[in-house]
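Asker: I'd like to ask some things about the structure below.
The values are calculated or read from the model by the stated rules, or taken from the named source; none is laboratory data. Nothing here was measured: the structure is a model prediction, and the numbers come from that model. We place every Cβ from the backbone using ideal geometry, glycine too, and count neighbours over all the protein chains shown.
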Amino acid sequence: MVTFNDLLGLRKPYNRPGTISEENWSLRVPPDFESRYADARGAGRALDLPRALATAIRARGSDFVRSCGPLLAALDQCAGPDPAADRGA
């Protein structure tokens, strides 16, 4: 399961156990979340969703990859650097 705070790389908790208030369980996404997400994703502190989706498509096999060609190309264009490439994989 991926929560929005994981996806966006937000570290501020949105649930405080034992707290009863309107703000508890309310995820407050900052207005500049797009730039924060890009920075966090580039630094490896947030989920690279385009990279994860591209990896999942490739894991389905060559027929599925061919059927998703345009989508896969768009995901690859949006994705950050492939961490497997840094390991020589």
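Asker: Give the residues of region 77-87 that are surrounded by 14 or more Cβ atoms within 10 Å (Cβ to Cβ) and out of contact with any Leu (no Cβ under 9 Å at 6 or more places or on another chain), sorted by residue number.
Answerer: GLY80, ASP82
Asker: Against the definition (out of contact with any Leu (no Cβ under 7 Å at 6 or more places or on another chain), under 27 Å from ALA85 (Cβ atoms) and surrounded by 10 or more Cβ atoms within 10 Å (Cβ to Cβ)), how does THR3 come out, yes or no?
Answerer: No: the conditions fail for THR3.
Asker: Give the number of residues within region 16-51 that are surrounded by 11 or more Cβ atoms within 10 Å (Cβ to Cβ) and either more than 14 Å from the chain's Cα centre (by Cα) or farther than 25 Å from LEU75 by Cβ (or both).
Answerer: Adding up the residues that qualify gives 5.
Asker: Among the listed residues ALA59, ALA73, ALA52, ALA43, identify the single one that is among the small types (Gly, Ala, Ser) and assigned by TED's automatic domain parsing to the domain that holds LEU10.
Answerer: ALA43
Asker: Mind checking which residues of region 32-89 are farther than 19 Å from ARG11 by Cβ and among the acidic types (Asp, Glu)?
Answerer: ASP63, ASP76, ASP82, ASP86, listed by residue number.
Asker: Further question on the same structure: If a residue must be under 16 Å from VAL2 (Cα atoms) and either outside any loop (DSSP other than H, G, I, E, B) or of a type in the set (Ser, Thr, Tyr) (or both), how many such residues does region 27-54 contain?
Answerer: So the answer is 8.
Asker: In region 59-73, how many residues are assigned to a helix (DSSP H, G or I) and surrounded by 14 or more Cβ atoms within 10 Å (Cβ to Cβ)? Working first, answer last.
Answerer: Initial filter on region 59-73 (assigned to a helix (DSSP H, G or I)): 59, 62-67, 69-73.
This time we only want the ones that are surrounded by 14 or more Cβ atoms within 10 Å (Cβ to Cβ), so: 65, 72.
Counting residues in region 59-73 that are assigned to a helix (DSSP H, G or I) and surrounded by 14 or more Cβ atoms within 10 Å (Cβ to Cβ) gives 2.
Asker: Mind checking which residues of region 6-27 are within 29 Å of GLY80 (Cβ to Cβ) and either in contact (Cβ under 8 Å) with a residue 40 or more places away in the chain or of a type in the set (Val, Ile, Thr) (or both)?
Answerer: ASP6, LEU7 - these are the residues of region 6-27 that are within 29 Å of GLY80 (Cβ to Cβ) and either in contact (Cβ under 8 Å) with a residue 40 or more places away in the chain or of a type in the set (Val, Ile, Thr) (or both).
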